[in-house]
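Data first, discussion second: the structure below is written as structure tokens.
The values are calculated or read from the model by the stated rules, or taken from the named source; none is laboratory data. This is a predicted model, so every value here is computed, not measured. Every residue, glycine as well, gets a Cβ built from its backbone with ideal geometry; the counts of neighbours run over all protein chains shown.
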Amino acid sequence: MRTWLGSSAASCCLLTAALPAAAQQSDSIWACVDEQGHKVFQNVGNGRGCRRIDGLIATVPGTSPASPQASPGAGAAGRGVSPANFPRVDRDVQRLRDADRHRILEDELRVEQDRLARLREDFNNGAPRLVGEETAASATYRERVQRLLEDIQRSEGSIASLRRELTPPRF
């Protein structure tokens, strides 16, 4: 006589053995060629011109940019990514804007360097002067020392950022 437990255990074993095969089938990648001749990658191979790809795909192919010689009339408008009706800035106007930006960044750098010098002077190598009723062991003194240290770190970060902005780009 067969018990329900015995048939259930057998069914469970069959199902467990079939699961990896089903999971592998759903992870398939198919390379298909559509009516226009374009290669399409999909997870279902439905139709003619599809073949299953086994193994891992390390890269996904992209479209290659068209060469300037291939398209007629690819002059100055074809070089950039801006549309033809996008407003353009005159070269001399842009140079003036860049010079103003550079001057503003240099001013900000100078102000931040002065601020850092004052903060370091106040910090006094980790032993700032006591103010008012403070003692070296008081909580207010420790908080002030911590604030000074954080301000110094913030100022150093700002100076590093400003210097990066002032460095000409490398192409």
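Write out, first by first residue and then by second, each pair whose Cβ atoms fall under 8 Å of each other, whose residues are 6+ apart or on separate chains, and whose first residue, in the range 134-159, is closer than 12 Å to D122 by Cα and in a helix (DSSP H, G or I) while the second is modelled with pLDDT of 90 or more and charged (D, E, K, R).
L148/D122; I152/R120
Tell me, yes or no, whether the range 121-141 has at least one residue that is modelled with pLDDT of 95 or more and among the aliphatic types (A, V, I, L, M).
Checked the range 121-141: no residue is modelled with pLDDT of 95 or more and among the aliphatic types (A, V, I, L, M).
Which of the residues spanning the range 107-135 are among the acidic types (D, E), exposed (fewer than 12 other Cβ atoms within 10 Å of the Cβ) and within 31 Å of the chain's Cα centre (by Cα)? Break it down stepwise before answering.
Step one: list which residues in the range 107-135 are among the acidic types (D, E), which gives 107-108, 112, 114, 121-122, 133-134.
Still in the running and exposed (fewer than 12 other Cβ atoms within 10 Å of the Cβ): 107, 114, 121, 133.
Within the range 107-135, just D107 meets the criteria.
Any chance the range 142-154 includes a residue that's surrounded by 12 or more Cβ atoms within 10 Å (Cβ to Cβ), among the acidic types (D, E), on the phi < 0 side of the Ramachandran plot and within 31 Å of the chain's Cα centre (by Cα)?
Yes, the range 142-154 contains at least one residue that is surrounded by 12 or more Cβ atoms within 10 Å (Cβ to Cβ), among the acidic types (D, E), on the phi < 0 side of the Ramachandran plot and within 31 Å of the chain's Cα centre (by Cα).
Restricting attention to the range 155-171, and to residues there that are polar (S, T, N, Q) and within 22 Å of the chain's Cα centre (by Cα), which single residue is farthest from D98 (Cα to Cα)?
Of the range 155-171, the ones polar (S, T, N, Q) are 155, 158, 161, 167.
If we keep only those that are within 22 Å of the chain's Cα centre (by Cα) too, we end up with 158, 161, 167.
Numbers: S158: 20, S161: 18, T167: 13 Å.
Result: S158.
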